[in-house]
Amino acid sequence: KLVANWVVHELFGQLNRAGQELTDCLVQPAQLGALVDLIKAGTISGRIAKDVFQEMFATGAEPAAIIAAKGLQQISDSSEIERIVAELIAANPAQVEKAKANPKLVGWFVGQVMKATGGQANPQVVNEVLSKIIDIKN
């Protein structure tokens, strides 16, 4: 299903925007498959994958090479994310209290972590760390 979505929405959408035919496309099927594999493995997020795909479409480069060259690997190291969350909590105690009272406000912290990491933090790990540290009761 993920591959189908990438073919229909991203590949065909980009071809349409560029006014190109599939036969003119620099992205090879194996490259698109490799990109999807990187998403599934948690190496990159879906948002980062879209940026990588744009580069692939323009250059025909391999997704792993683009990710390595641009340092786009997703941050899944919980200790690194915990450090960032701890800094945010220390700087925003009022926001912590609001989040404890209304768990939906944890999204603000998620956004701040994503901002601090340039969108490279694994959102699932960020949510797990925040729930543990802020002690959110759902």
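Below, the figures for the structure above:
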item	result
The range 91-105 residues that are without any contact (Cβ under 8 Å) to a residue 24 or more places away in the chain, paired with ones that are of a type in the set (V, I, T) (beta carbon under 9 Å, 6 or more apart)	Q95/I89
Pairs, first within 21 Å of I39 (Cα to Cα) and open to solvent by 50 Å² or more (accessible area, probe 1.4 Å) in the range 72-88, second in a loop (DSSP other than H, G, I, E, B) and of a type in the set (A, V, I, L, M, F, W, C), C-beta under 9 Å, six or more apart	Q73/I44
Given (1) in a helix (DSSP H, G or I); (2) under 21 Å from the mean Cα position of the chain (by Cα); (3) buried (at least 18 other Cβ atoms within 10 Å of the Cβ), index of the condition A99 fails	(2)
Yes/no for A69 being touching a residue at least 12 places away in the same chain (Cβ under 8 Å) and exposed (fewer than 14 other Cβ atoms within 10 Å of the Cβ)	no
Options L32, L22: the member that is farther than 23 Å from Q120 by Cβ and either buried (at least 18 other Cβ atoms within 10 Å of the Cβ) or at pLDDT below 95 (or both)	L22
Qualifying residue in the range 2-15 (condition: in contact with a helix residue (DSSP H, G or I) (Cβ under 9 Å, 6 or more places away or on another chain) and assigned to a loop (DSSP other than H, G, I, E, B))	no
Unique residue being touching a Leu at 6+ places or on another chain (Cβ under 8 Å) and either in a loop (DSSP other than H, G, I, E, B) or acidic (D, E) (or both) when the list is I44, I39, I48	I44
Residue satisfying condition, being open to solvent by 40 Å² or more (accessible area, probe 1.4 Å) and closer than 23 Å to N5 by Cβ, within set A64, A49	A64
Count of residues meeting criterion [within 20 Å of E80 (Cα to Cα) and open to solvent by 90 Å² or more (accessible area, probe 1.4 Å)] in the range 109-138	4
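The values are calculated or read from the model by the stated rules, or taken from the named source; none is laboratory data. Because the structure is a prediction, the values reported are computed rather than measured. Cβ coordinates were reconstructed from backbone atoms using ideal geometry, including for glycine residues, and neighbour counts include every protein chain displayed. For accessibility, only protein heavy atoms count, side chains too; no ligands or nucleic acids. Shrake-Rupley method; radii C 1.70, N 1.55, O 1.52, S 1.80 Å.
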